[in-house]
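The structure appears below as structure tokens.
The values are calculated or read from the model by the stated rules, or taken from the named source; none is laboratory data. Since we're looking at a predicted model, the values are computed, not measured. As a convention, Cβ positions derive from the backbone with ideal geometry for all residues, glycine included, and neighbour counts pool all protein chains shown. Ligands, DNA and RNA are stripped out before the accessible areas are found, and what is left, the full protein with its side chains, is counted by its heavy atoms. Shrake-Rupley method; radii C 1.70, N 1.55, O 1.52, S 1.80 Å.
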Amino acid sequence: ELGCSYVVGTRPVTVTGRSFNQGFLWRYPDQIGPLRSRQLLANELGNREARWFANGTNDYSVYVAGPLRFGLNISTELWDLSSLPAYARAGAHAIFSPRTTSEGGLEPWIALAKTVAIRTGAFSISSSRLSDDCGSRSGGGWIVDPHGTVMARTSASAPIRTVDVGISDAEIAKHRYP
């Protein structure tokens, strides 16, 4: 329906009797492969992931989808700035961060996305699950270019945005890092 060759996201999985919030890479037409499992789990009001999932490993690898090299920081792992230098060194073009956060508190996340993009010389791309459970998850996502410019944002009223991004923009940005 979307006409894309790859999709990156997360899903709950059970591995040897333990539940994880695990990233995946789907390849057209029907191949799905596991990526890393979330290590930093929230245990706060409104988000009790630590009760539901086991911690993954501290493995911030770079993955490949066609010509795109990408990192995956699931939700609040994006705040783990120690993962960023490795992504930059490995030549990541994008850092994906699927989340479930409210739109009302989105501005600190946008500031973080700009930092991630500039620090890695990569696009910072995030989706946030849209739900109608009292409006607590309103789909505030973004695409930020490697220079820190917000290219697109999603919201409850505009839940899907697409932008053509050039891998060469990320390559060039790595050479212009401040």
>> So, Asn73, is that one surrounded by 20 or more Cβ atoms within 10 Å (Cβ to Cβ) and either modelled with pLDDT of 90 or more or touching a Gly at 6+ places or on another chain (Cβ under 8 Å) (or both) or not?
In response: yes
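Report, by residue number, each residue of the stretch 152-163 that is closer than 22 Å to His93 by Cβ and either assigned to a loop (DSSP other than H, G, I, E, B) or open to solvent by 70 Å² or more (accessible area, probe 1.4 Å) (or both).
Residues satisfying the conditions are Arg153, Thr154, Ile160, Arg161, Thr162, Val163.
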>> Restricting to the stretch 76-113, count the residues that are open to solvent by 20 Å² or more (accessible area, probe 1.4 Å), small (Gly, Ala, Ser) and more than 24 Å from Ala158 (Cα to Cα).
In response: 4
> Checking Gly66 against (1) open to solvent by less than 30 Å² (accessible area, probe 1.4 Å); (2) at positive phi, which single condition isn't satisfied?
Replying inline: (1)
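Can you tell me which residues in the stretch 1-22 are open to solvent by less than 30 Å² (accessible area, probe 1.4 Å) and either farther than 21 Å from Arg161 by Cβ or among the hydrophobic types (A, V, I, L, M, F, W, C) (or both)?
Within the stretch 1-22, the subset open to solvent by less than 30 Å² (accessible area, probe 1.4 Å) is 9, 13, 20-22.
Of everything in the stretch 1-22, those that are open to solvent by less than 30 Å² (accessible area, probe 1.4 Å) and either farther than 21 Å from Arg161 by Cβ or among the hydrophobic types (A, V, I, L, M, F, W, C) (or both) turn out to be Val13, Phe20, Asn21, Gln22.
Just the residues that are β-branched (Val, Ile, Thr) and modelled with pLDDT under 95, please, taken from the stretch 33-70.
If the condition is that a residue be β-branched (Val, Ile, Thr) and modelled with pLDDT under 95, then Thr57 is the only one that fits.
What number of residues in the stretch 25-38 are over 13 Å from Arg11 (Cβ atoms), open to solvent by less than 90 Å² (accessible area, probe 1.4 Å) and assigned to a loop (DSSP other than H, G, I, E, B)?
So the first thing to find is which residues in the stretch 25-38 are over 13 Å from Arg11 (Cβ atoms), and the list is 27-31.
Narrowing the set further to residues that are open to solvent by less than 90 Å² (accessible area, probe 1.4 Å) leaves 27, 29.
The next check asks that each one be assigned to a loop (DSSP other than H, G, I, E, B); those that pass are 29.
Counting residues in the stretch 25-38 that are over 13 Å from Arg11 (Cβ atoms), open to solvent by less than 90 Å² (accessible area, probe 1.4 Å) and assigned to a loop (DSSP other than H, G, I, E, B) gives 1.
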